Each structure stands twice: as structure tokens, then as C-alpha cells.
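Input: a single structure, listed below in C-alpha cells.
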Amino acid sequence: MNQHRYFFISILFFLGMIWQTADAEDINTWPRKIEEDNFTVVIYQPQVEKLTANKLESRAAVSVTNEEYTSPVFGAMWFDCKIATDRDERLVRLIDLKVSAAKFPDIEEESVLKLSSFLEKVVPLWELELSLDQLLADLDMSEISAGLSESLNNAPPEVIFTTTPSVLILVDGDPIYEEIEKTDYEKVLNTPFFIVRHPKKGDYYMKGGDYWYSSDNPLEGWQQTTRVPGKVKKIAEEAMGEVVADETESEGGEVETFIPDVIVRTSPAELLQSNGEPDFSPIEGTSILYMTNTADDILMDIETQKYFILLSGRWYSSSSLTDGPWLFVEPGEVPAGFSDIPSESDMGSVRSSISGTQEAKEAVLENQIPQTAEVDRSEAQLTVSYDGKPKFEKIKETDMKYAVNTDKSVLLIDNRYYCCDDAIWFESDSPTGPWTVSIAIPETVQEIPPESPVYNVKYVYIYDHTPEIVYVGYTSGYVNSYVYGGCVYYGTGYYYNPWYGAYYYPRPVTYGYSVHYNPYSGWGFSFGVSYGWMAYGWRSPYHGYWGPAGYRHGYHYGYHHGYARGYRAGYHAGQRSSYPGRPAHYGSTRPVASNNVYKNRSQGVSRTGNTYYDPKTENRASAQDRSAKPAAQPANRANNVYSDRNGNVYQKDGNDWNRKDNSNRPSTGQQPSTRESRPSTGQQPSTRESRPSTGQQPSTRESRPSTGQQPSTRESRPSTGQQPSTRPAPGTSNLNKDYNSRNRGTQRSQQYNQSRQSNQYQRPSASPSQRPSASPSRSGSSRSAAPRRR
């Protein structure tokens, strides 16, 4: 009976996954179809020309049919729009879309005017979406304003290598203690791990997973123990909640049991470990070896006999795994063979950190695509609390100051106070408020150097505003992901002094938690050998140690059947997690961690990504549910039609490009347009009626492609009187690039959708009743606080 029930549940789960995947793929399927006023318009996937901030400029091949044209008329349209991104769903909505120009080669001028006018009027009335992966694949490094980071601190942390199961416990400087109410014990305040002591007896206790450790020194000498005072166990239960066991079985069905060693450090460090003596295997097609019995990224270059390790996106090299010294390697100076590592290999995941690879380029581009939101100016509120009177310190090499004794990012600029909280800017005449939503950011914010703990706020932007709404967004620099040398790095590498007073305010860290990049989910953290090591219910240090996005668990080592399983299996490891169906942590019922910082807020954000939020009712609804616009439907045809920059339309047929021919269409009673009826060289690709009603030129702004030229009738267009060629016309080499990009984006989007249930990271969390109430800051602050009694 139980077997039948299990089988039935499994079938339902499988069907649910299929339906969900089908829905997701349906959203991302191009071309899309619009039916209006007896017209049917098929819009093929947009070909991106430029992305600046939240403004996208694109062109798209289109076909139109109506009562007059019963077979499709092919053309191209250019449009500008804003993007609203949803990193959780990896979707990009095209909003405020305006068709700036249109072109239909080889048909009557009157028909061109009619069709162009129709597109300008109707297309903006419909909802259109791209997948984030489709957008990324279509972008080029030269077509986006990449926010590069300079002067990052790339000095190596202490690197510890072990061949036995171990865990690295970080304490933020010398241990700071706080009394635990109604007990004789104190806790170590400046660490996210559970460490308590009996001050009179000098006994220390640490809980990690299912194990207890004891020592008479908080920094060394930790040994596993089963003799733990009942009061300490009760404290741990209240602080950490109930640990949910990892029910995932290994591939062999057996899981080795072991008790890991404990290593404690008070300064930046990183732990690498292998399951036994290092075991290396060659990477096919290269002179590179990789360590197979570890979950860390450890390579050896045979030619130089040097080891290379990847820490927070940075490469370091040494001649010795155990003795060092480790030296930073510039992204462009890694061994040439690194770029030959196959994406499908076990080490394919490191390609995102190898400058010049497609994976690294896409990681850089994704770092610059903003997460957007609409903020209700009347609803958004902010409260800033200080540990004592507000105290400000000067930001190096600027005239700005920042508050050091608060968990918020508060700046003093030209005698006015600004605070960036959950990627929304506020301002006030006083450091304590009242605060109002900003509609502009002082330009000097861009001068903040990475040495400052508030460096990340320079990556939060204000795009536009109305009397009711402010349109905002942030790029990944706000959540500690930076671009350096053609790669993405996690953290600035600088150590920021925390605040110690009556309260403890930690600052963002770069090392110590095995930070790794996943092409589908961004940065994730790993810790030790199992879940249950951090006391999230005690202090919830999401925003202090790891910035606004918080701690997002990626994988744990979990030694299985003689080797360490991590996030291996190549570049696409993110789309098939090592631990599908990963359980929630610590008895939490929270969903997987969000990639969207705006969802941290309980009020003020009226719309973000693909979600509307009503702060009065606390109800959320999808943008599709709330939108007054109808959604364009799948056209159920091949997505193989493209437009070149001149407005000519081609269809990919095997290895051939065939120009779509409108000249042989049935006559409507007028002579086909002569050369003068088409835009001459240098003019816009549409007649006056097809331009936006504002009267402005559709595409003469500097935000057009870097060539500075508008789509024009250059020599690559067949002149009037010539038969349309069925062979590739000059300039179609760019279409091959568009074709490859479109395929790559579709593949990535499908891979993500097929495994979205298993590739997102969980955020450990205690139940709401276990959350701290003594902190002066509200939930969702940019840095968490922990009260400290003297």
C-alpha cells in the first residue's frame, strides 16, 4: 500500500514539474503573436543593440498578415523600452515600449506607412518578456556600460589545506562576550557560529551539526564531546532551532560518518580540504590536472608544476599546497590551457572565472543588468537607530562621511544625510530622520572607494520618478559582486572593522565561507560538512557578514562513498544540483532565498521584478495578474527569422540565409515603390509617419550602437531592380553571431527552467518566534546588529 502511495505521489510530482516547466518555457518562447484589428503580427525574438542602465534598444524581425495581405509581409521594427527584471524567475519584462522605426522592404510605400503606423500604435499595448538568459546571450561586451571595479584588494587570505574532514570557524577579531539572560553562560558575540562559555569555570562549548565540541580556549583545542550541560543544550536549541537532517542519499547509497576537526581563525582565512591524500586526474585536451577528491577548485599546471586555487572568484598560485606562499594571479595571466577546459567537464564551472571565455563574459554582463523596482514614495519608510549618538567618519579621499555606529549605510554629503537601505535611497536633514525617498543621488557617491564598507551603495540607482513612484534598481555590486579584469569577484577583499559598543555591527566579508559562482544562481556559500553549524536563530547575521543578499547556501561537502561531493559536474552544475530536493534548514518554512533584495522589505515596494505588492493588504500578485495589458502569445513557429541592421529580413535554413522576399507579393493596385520611396542612405529606416509621435528622431541618440550609425540602406542592401538573393548578403556574418547567441540563450533558459526547483540556494532561517528582538534595527536592514552588554 505504501509503495502504491509513494508511486502515486511521485507521478503527481513528476507531472507538476512538467506543467511548471511547460509554463516557464511558454513564457520564454519566441516568436510571439499579437492579434488586433484583423491584423496578426508575429514578432521574432528581439536582437539587442544596446543596454544602458535600465533602457534597452533593440530591433526585431516581424511579419504581418491581414485581409489585404493573406500571406505574411516581412519587415523589421526598432524599439526602445525600459526593462523590469526578476532575478528569481530570470525574466525581463519590456515596459514603456515605443516603436521608433519600422521598415518593410520591396512593398508599396502606402503599405509601408500603414504597417508602420499600426506597429507603433499596437505593439506598446501588449506585454512582452524575455528570459534573462536570452538577454545575456544577445548582449555584447561593447554594447553595455560595464561598471568595472578598480583597486580591489586581492591579497590572499590565510590558506589552510587539510586531508581530513575539517571545518573553519571564523571569529571577527578577538572574541567578544555577552551574557545570556537567566543563565551563567556567555556567548561569543562576534561570530555566526554557536560558541558559549562558562566564565567562572572557563569551559567553552561549540555545536556543529549533530556534534558538540568543548575546549578551555576559544581559539584552539576543540575536541568532540558527549558531556554537555543541559543548560547549554537548551541555549543551543533556542538559538539554532531544530536541525533538519539531510535525507539525500549518496550515489552509492552509503554516507560515511565522521567527526570533523575544528579550526578557528580570527582573521580572513579560507579552508581547502581533500578526502585523504590529494588525487589528481587530467582534464581532457589540456595540460591541466584537477583534484578529484575535493569539492574545492584546485588545479595543477603540469608545465609549471604550480597549484592554482579559486577563492571568491580570484585565482591564487603556489608551488606547495600546504606551505604556500600563495600569490594572486591576474585574470589575464592564468595558464593559457585554462581557457581550454571543456564546459562539460568536472571543472567546467571554473570557466566563469577565466577571462575571455563565453561563461566569464556572460557573468560580467549579468553583473551589470539591474534588478529593478517601483517604490511608492508615500509608503516607503525608514528608521535608523544608532548605538549612542550618531558617529561619522570620513570616507577616504572624499568629502563624504559615513555613520559607523549603525547597521544602516548612512552618508553625510554636503550637510545632508542619505541612507541606502535595501537598495532604496532615502534622505533627511537629520541623521535620525524623518526620512523621505530620494529622487536623485549625489554624483559624489560614485567616488566611494572599495576601502570603505559602504562601497556597495554606489551600485544602487534612481532611474526616474513621478509624484507617486520612484523607479530604482541595483546591479550586483550592491550584493558584493564586482567586475575585475573580465571576471566577477566576490567581495572587495578588504577587511572592514566592525563596530563594538553596546551593540555589535559586523561588516561584509570576502573569505572564509567557500564562496563560489553559479551561472544560474549567482554567488553561493558553502560551509563544512553538513548543515546546522550556524546560529541563525540567535542573531540572523545575513546582512552583516554577507551584505544585503544575506547568506545563500550553495552546497555542503558531505563526504560520500570515499570522495567529496560538491557543486561539480561542469558549467551547468547549477542546473542540476548535487542535492535535488534539498530540505529546508533549521525547521524553517521559508522559501528559497531570493535573488531580489527588494523582497526583503515589508513596505514601500509596490512592484519589483514580476511581482506587485500592496503594502496595505500585504498581498502579492504576479505582474501578469495585475497588468491591464494582454500578453502576447506564442506564435507556434520556428524562431529562425532575423533582421540585419539595415532592416532586411533573413530566414536561417540549415547553413543558408535566405532573404525574405516581399517584391513578388500580389499587387494591391499600386506600383511597387521606387528607390525614392525608401529611406535614402543616412536617413532613418522609416518614413515620417512611422516615427514616434513626439517628433523626435527615433534613434539619433548616443545610446545607439557604438558604430554611431543608424540602420540605413548601405551598399549591403540590394538596389532597386535587383532580384532578392537567396544567398547570404553582405553583412549576414553578424546574423550568424545573432543566430549562435539566440541558440545559446534559449538553451540556458531551458536548462534553468527544467531544474529551477533544485538549483536555487536555501537561506537558513529560524522560525519567526526565534528571531531576535533586542536589535535596534528592523528586519531587512543592510547590516545586522547584535546587542552587546558590557
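The values are calculated or read from the model by the stated rules, or taken from the named source; none is laboratory data. Remember, predicted model here, so these are calculated numbers, not experimental data. Cβ sites come from the backbone with ideal geometry, for glycine too, and all protein chains shown count toward neighbours. Remember, those area values only see protein heavy atoms, side chains included, never the ligands or the DNA or RNA. Shrake-Rupley method; radii C 1.70, N 1.55, O 1.52, S 1.80 Å.
Please work out if THR406 is crowded, with 19+ Cβ neighbours inside 10 Å and farther than 30 Å from SER353 by Cβ. Even if it seems obvious, please write down each step before you answer.
Working: crowded, with 19+ Cβ neighbours inside 10 Å: yes; farther than 30 Å from SER353 by Cβ: yes.
For THR406, the condition - crowded, with 19+ Cβ neighbours inside 10 Å and farther than 30 Å from SER353 by Cβ - is met.
Within segment 185-194, the set of residues being at pLDDT below 95 and out of contact with any Asp or Glu (no Cβ under 6 Å at 6 or more places or on another chain) comprises VAL188, THR191, PRO192, PHE193, PHE194.
Here is a check on your reading of the model: is VAL228 touching a strand residue (DSSP E or B) at 6+ places or on another chain (Cβ under 7 Å), open to solvent by less than 30 Å² (accessible area, probe 1.4 Å) and under 24 Å from TYR551 (Cα atoms)?
Values: touching a strand residue (DSSP E or B) at 6+ places or on another chain (Cβ under 7 Å): yes; open to solvent by less than 30 Å² (accessible area, probe 1.4 Å): yes; under 24 Å from TYR551 (Cα atoms): no.
Judged against the criteria, VAL228 is not a match.
Hey, among the residues in segment 1-56 that are under 25 Å from THR85 (Cα atoms) and in contact with a Phe, Trp or Tyr (Cβ under 7 Å, 6 or more places away or on another chain), which one's modelled with the lowest pLDDT? Selected residue: ALA53. Give me the residue from segment 470-516 that is polar (S, T, N, Q) and in a loop (DSSP other than H, G, I, E, B) and, out of that set, most open to solvent (accessible area, probe 1.4 Å). Looking at residues that are polar (S, T, N, Q) and in a loop (DSSP other than H, G, I, E, B), I get ASN497. Within segment 425-441, does at least one residue satisfy the condition of being touching a Ser or Thr at 6+ places or on another chain (Cβ under 7 Å) and part of a helix (DSSP H, G or I)? No. Each residue in segment 80-127 was checked for being acidic (Asp, Glu) and in contact with a helix residue (DSSP H, G or I) (Cβ under 6 Å, 6 or more places away or on another chain), and 1 of them qualify. Residues that are in a strand (DSSP E or B) and under 30 Å from TRP546 (Cα atoms) within segment 259-292 comprise ASP261, VAL262, ILE263, VAL264, ARG265, ALA269, GLU270, LEU271, LEU272, GLN273, TYR290, MET291, listed in sequence order. Within segment 442-459, the residues that satisfy the criterion of being in contact (Cβ under 8 Å) with a residue 12 or more places away in the chain and out of contact with any Lys or Arg (no Cβ under 9 Å at 6 or more places or on another chain) are THR444, PRO450, VAL454, TYR455, ASN456, VAL457, LYS458, TYR459.
For segment 337-347, name all the residues that are in contact with a Ser or Thr (Cβ under 7 Å, 6 or more places away or on another chain) and open to solvent by 20 Å² or more (accessible area, probe 1.4 Å). Explain how you work it out, then say what you get.
So the first thing to find is which residues in segment 337-347 are in contact with a Ser or Thr (Cβ under 7 Å, 6 or more places away or on another chain), and the list is 337, 339-341.
SER339, ASP340, listed by residue number.
Report whether or not ILE195 is outside any loop (DSSP other than H, G, I, E, B), open to solvent by less than 20 Å² (accessible area, probe 1.4 Å) and without any contact (Cβ under 8 Å) to a residue 60 or more places away in the chain. In short, yes. MET400 passes every criterion in (1) open to solvent by 20 Å² or more (accessible area, probe 1.4 Å); (2) in contact with a helix residue (DSSP H, G or I) (Cβ under 9 Å, 6 or more places away or on another chain) apart from (1). Within segment 647-662, residues that are without any contact (Cβ under 8 Å) to a residue 40 or more places away in the chain and crowded, with 21+ Cβ neighbours inside 10 Å have Cβ atoms under 9 Å from residues that are assigned to a loop (DSSP other than H, G, I, E, B) and aromatic (Phe, Trp, Tyr) in no pair, counting only partners at least 6 apart in sequence or on another chain. Looking only at residues of segment 127-163 that are at pLDDT 90 or above and assigned to a loop (DSSP other than H, G, I, E, B), we find that the one that is farthest from THR492 (Cα to Cα) is THR163.
Only one of the listed residues (VAL437, VAL375, VAL410) is over 30 Å from ILE95 (Cβ atoms) and of a type in the set (A, V, I, L, M). That residue is VAL410. Screening TRP425 against (1) surrounded by 21 or more Cβ atoms within 10 Å (Cβ to Cβ); (2) modelled with pLDDT of 95 or more; (3) hydrophobic (A, V, I, L, M, F, W, C); (4) touching a Lys or Arg at 6+ places or on another chain (Cβ under 8 Å) leaves a single unmet condition, (4).
For residues that are within 40 Å of the chain's Cα centre (by Cα) and open to solvent by 10 Å² or more (accessible area, probe 1.4 Å), scanning just segment 66-75, find the one that is modelled with the lowest pLDDT.
Within segment 66-75, the subset within 40 Å of the chain's Cα centre (by Cα) is 72-75.
Those left that are additionally open to solvent by 10 Å² or more (accessible area, probe 1.4 Å): 72, 74.
Details: PRO72: 92, PHE74: 95.
The residue in question is PRO72.
Among the criteria (1) touching a residue at least 12 places away in the same chain (Cβ under 8 Å); (2) farther than 16 Å from PRO260 by Cβ, the one LYS201 does not fulfil is (1). Within segment 96-110, can one find any residue that is polar (S, T, N, Q) and surrounded by fewer than 19 Cβ atoms within 10 Å (Cβ to Cβ)? No, because not a single residue in segment 96-110 is polar (S, T, N, Q) and surrounded by fewer than 19 Cβ atoms within 10 Å (Cβ to Cβ).
So which of ARG90, ARG59 ends up being under 22 Å from TYR461 (Cα atoms) and crowded, with 24+ Cβ neighbours inside 10 Å? I'd like the intermediate steps shown before the answer.
Numbers: ARG59 fails: under 22 Å from TYR461 (Cα atoms).
Step by step, each of ARG90, ARG59 is checked, and only ARG90 is under 22 Å from TYR461 (Cα atoms) and crowded, with 24+ Cβ neighbours inside 10 Å.
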